[in-house]
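Read-outs: derived from the displayed coordinates by stated rules, not from any lab. None of the values given here were measured: they were computed from a predicted structure. Every residue, glycine among them, receives a Cβ derived from its backbone with ideal geometry; neighbour counts consider all protein chains shown.
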Amino acid sequence: MQFAANYSAPTAELFRKGQIQLDRLKCPAWPDVIAAAQAIGPTYVHFPLLVGSGIGDAMDGETNQVADWNKVEALMVQTGTPFVNVHLASRAQDHPEIPANTNDPAHIEMLTEHLIRDVRAVVKRFGAEHVMVENDFDSGGEHLPPAYLPECIGRVVKETGCGLLFDVSHARIAAHDLGMDAREYIGGLPVQHTCEIHVTGIQRFEGPWIEALHQAGIDAATIQRFARRLLDHLPMTGEDWEFFAWAMERVHNWAWGQPWIVTFEYGGVGSLFQAVTRADVLAEQIPRLYKLVNGR
């Protein structure tokens, strides 16, 4: 089981100086970022692929076009990335006829079938053993229920044979949105099929975080989109440490599947993530996470 962190300039500098230990740097599918990361250490790619539109294929969430599989395959070879990850994203924009947060069984069934159809196409190309789906959350009404309902996620994994990219923070936020206990919510996920784990801190996006975006010149509309929401991709807090220790205990006890890698997703690249990335946080939290992942 390997340990990685999101690539960012501060992470790269700490890694280069030997102040943090990582097995890999997690990169977006951006050639310039991958090249910079590979200059200092092993990498892997997290793809911006979405499923759930029902077209029988995945979409690229950055271009809003059908996935360029030749590009995906080339980046997998270049970086030694063993899995194609897709995000379960029953997007409201793809289904304007369906109300947000619908609980109509007919809607849930149709949207789940769309997810299954799209994932099957990816599985057909790469093989189920090389595909994993990532659990998501409501995301302010952007995603319709199958993206974060445990029973729907379970159906996708069971009916396509793929693995689960288990995002611990996404699961906790989804449970909060659904009014459920986080451990009970996770108990309904197909965690025995876990192939990769993501973890971050969860905080209410307000106060110093809003100020950091203002200082970085982030536009007002973006700031308003995130203001006062419960968000991930932030530093770990006491509650986050306690929860992640429990999660790693489940992994080490073989109660869950064995991930090939566990990744700390705090910070990253792009103006928004750069604005909240602090080197002192990385220097303190990455070594502590590394020890937890390795059972120490």
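Quick check: Cα centre of the stretch 33-111 to Cα centre of the stretch 224-296, how many Å? That distance is 21 Å.
Report, in deg cm²/dmol and to the nearest 500, the calculated mean residue ellipticity at 222 nm for the chain, where each DSSP H run with n ≥ 4 adds -39500 (n - 2.57) and the sum is divided by the residue count. Let's see the in-between values first.
On the way: 12 runs with 128 residues, N = 296.
Theoretical 222 nm ellipticity from helices: -13000 deg cm²/dmol.
Springs between Cα atoms under 10 Å define the GNM used for the chain, and in it the highest mean-square fluctuation of ALA89, ALA279, ALA255 occurs at ALA255.
Rounded to whole Å and sorted largest first, what semi-axes of the equivalent ellipsoid does the C-alpha gyration tensor of the stretch 51-195 yield via the square root of 5 times each eigenvalue?
Working through the eigenvalues yields semi-axes of 24, 18, 13 Å.
Looking at the stretch 104-251, the DSSP beta bridges with both ends there are about 30 percent antiparallel. Mean-square fluctuations from a GNM of the chain, with a 10 angstrom spring cutoff on Cα atoms, peak among THR237, THR160, THR11 at THR237.
The loop-placed GluC sites (Glu not before Pro) in the stretch 124-207, going by DSSP, that have at most 15 neighbouring Cβ atoms within 10 Å of their Cβ come out as GLU206. Relative to one another, the C-alpha centroids of the stretch 114-144 and the stretch 145-181 are positioned 11 Å apart.
May I ask for the percentage of alpha-carbon pairs in the stretch 214-255 that lie more than 13 Å from each other?
Working: 591 of 861 pairs.
Percent of Cα pairs beyond 13 Å in the stretch 214-255: 69.
Give the relative contact order (percent, whole number) for the chain; include only Cα pairs under 8 Å separated by 6+ residues.
Working: 549 pairs, mean separation 58.3, N = 296.
It rounds to 20 percent for the chain.
Multiplying the residue separation of ASP181 and GLN93 by 0.36 nm and removing their Cα-Cα distance gives an extension gain of 28.8 nm.
Which percentage, to the nearest 5, of the DSSP beta bridges contained in the chain is antiparallel? List each step's numbers first, then the result.
Working: 8 of 36 bridges.
Of the beta bridges lying entirely in the chain, close to 20 percent run antiparallel.
Of the two radii for the stretch 132-265, the radius of gyration is 1.00 times the Kirkwood radius, both from the alpha carbons; that is the Rg over Rh value. In this structure, the amide hydrogen of ARG91, modeled 1.01 Å from its nitrogen in the peptide plane, lies closer than 5 angstrom to those of LEU144, counting only residues at least 5 positions away or on a different chain.
For ASP167, the residues whose amide H sits under 5 Å from its own are ASN135, HIS198, ignoring neighbours fewer than 5 places away on the same chain, with H placed 1.01 Å from N.
Which longest uninterrupted range of the chain lacks any chymotrypsin sites (Phe, Trp or Tyr not before Pro) assigned by DSSP to a loop state (not H, G, I, E or B) and surrounded by at most 16 other Cβ atoms within 10 Å? It runs 1-253. For the chain, modelled as a GNM whose springs connect Cα atoms under 10 angstrom apart, the maximal fluctuation among LYS17, LYS26, LYS158 occurs at LYS17.
Size descriptor for the stretch 187-233, Kirkwood hydrodynamic radius: 12.8 Å (Cα pairs only, one decimal). Distances longer than 19 Å among the Cα atoms of the stretch 93-169: what percent of all pairs is that? In whole percent, the share of Cα-Cα pairs in the stretch 93-169 beyond 19 Å is 35. When the scattering of the chain is computed by the Debye formula from its Cα atoms alone, each counted once and equally, what is log10 I(q)/I(0) at q = 0.06, 0.17 Å⁻¹? Computed log10 I(q)/I(0) values: -0.18, -1.66. Beta bridges from DSSP with both residues in the stretch 1-149: antiparallel share about 30 percent, rounded to the nearest 5.
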